[in-house]
Amino acid sequence: MSAPSDQTALRPLAVVTGASSGIGLELAHRFAREGFDLLICADGADIAVAGDALSAEGTAVRAVRADLATAEGVDGLVQEIAGTGRPVDALALNAGTGQGGPFIETPLDGDLAVIDLDVTGTVRLAKALLPAMADRGAGRVLFTASTAALMPGPYYATYAASKSFVQSFAQALRHELKDTGVTVTSLLPGPTDTEFFQRADMTDTPVGQGPKDDPRSVADQAFDGLMAGDAEVTTRSLKTRMQSAAAAVLPDKAKAAMHAAFTKPTGSDE
């Protein structure tokens, strides 16, 4: 990986979590195209492959392998960021996971892993990194939530609930930081063509088998909204717009039933 030099120190630095594939990797590529240096993180060995690809494009990249579902992983990433000696100009808290299936049947460890990464890891990183951005009076923060945050999510209940937390958390921080020079943007993508459905064991669901948005398009919309300082970015596919519109007007019982039609494993009993 290339390390920052005196010349690259003049470039802004973006930190992207969950950056080995999907939306996170595409965000990293967009930051690179826009002149940012990068510190990218994921929990698998493939983060090094992503770092090499980004470095080959002429961007200074530090790739960090860390499990952000653990306090040790978060602390390790924070130390790596501090080791750059540079302020964080853009922070994309994108790492997340899910577990599909009826809650009474899924393993507890899997549900807790979703909460540990999507909720606790996000809060730990925000607590560690946002104060310095506020003290500096500059920076942009992106939280990856989901359109699942807008309604109850049967058959991946802890994931939908965790993304509801992220959405609420992001908007609360946006209000708290509104006079500091730091902007906070939440991203609400719909179903996107990433590894999420395989990792969440949801390939046997209508949403897992159905059409999905292109992660590069989602990342581009997220980047543009982040740079504009928007409060929210909801990806613009027709399905996503329909889901968001329905979530705004339907009662929770109807929203849960509508959501379940997409997330219920095929062939399961009513």
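The values are calculated or read from the model by the stated rules, or taken from the named source; none is laboratory data. From a predicted model like this one, the values you see are computed outputs, not experimental measurements. We place every Cβ from the backbone using ideal geometry, glycine too, and count neighbours over all the protein chains shown. The protein model used for the area step is the full one, side chains on, heavy atoms only, and it has no ligands, DNA or RNA in it. Shrake-Rupley method; radii C 1.70, N 1.55, O 1.52, S 1.80 Å.
Rounded to the nearest whole Å², what accessible area per residue is found for the chain with the 1.4 Å probe? If you can, show how the numbers build up before the last one.
On the way: 12040 Å² over 270 residues.
Per residue, the chain has an accessible area of 45 Å².
Taken about its Cα centre, the chain carries a charge dipole of roughly 740 debye when the Cβ of each Lys and Arg holds +1 and the Cβ of each Asp and Glu holds -1.
For the cross-link pairs Lys178/Lys212; Lys163/Lys212; Lys127/Lys212; Lys212/Lys255, which exceed 24 Å when the distance is taken from alpha carbon to alpha carbon? Please report the intermediate quantities before stating the final value.
Details: Lys178/Lys212 34 Å; Lys163/Lys212 19 Å; Lys127/Lys212 33 Å; Lys212/Lys255 20 Å.
Flagged as over cut-off: Lys178/Lys212; Lys127/Lys212.
Measuring gaps between exposed loop sites in the chain (trypsin sites (Lys or Arg not before Pro); DSSP loop; at most 14 other Cβ atoms within 10 Å), the longest gap, sites not included, is 1-177.
Å³ per residue of the Cα convex hull, for the chain? Present the calculation step by step, with values, prior to reporting the outcome.
On the way: hull volume 31.8 nm³, N = 270.
About 118 Å³ per residue, rounded to a whole number.
Under a model in which nothing but the beta-carbon of Lys, Arg (+1) and Asp, Glu (-1) is charged, the range 98-170 shows a dipole of about 420 debye around its Cα centre.
Ordering Phe103, Ala126, Thr147 by the projection of their Cα atoms onto the charge dipole of the range 94-153, which places +1 on the Cβ of Lys and Arg and -1 on the Cβ of Asp and Glu, puts Ala126 at the extreme positive end.
Go through the range 31-121 and name the GluC sites (Glu not before Pro) that are in a DSSP coil and have 16 or fewer other Cβ atoms within 10 Å of their Cβ.
On the way: sites: Glu34, Glu57, Glu72, Glu80, Glu105; in loops: Glu34, Glu57, Glu105.
Here the GluC sites (Glu not before Pro) that fit, given the DSSP loop and packing criteria, are Glu34, Glu57, Glu105.
The residues packed around Gly101, meaning those with a beta-carbon under 11 Å from its beta-carbon, carry a net charge of -3 if Lys and Arg are +1 and Asp and Glu are -1.
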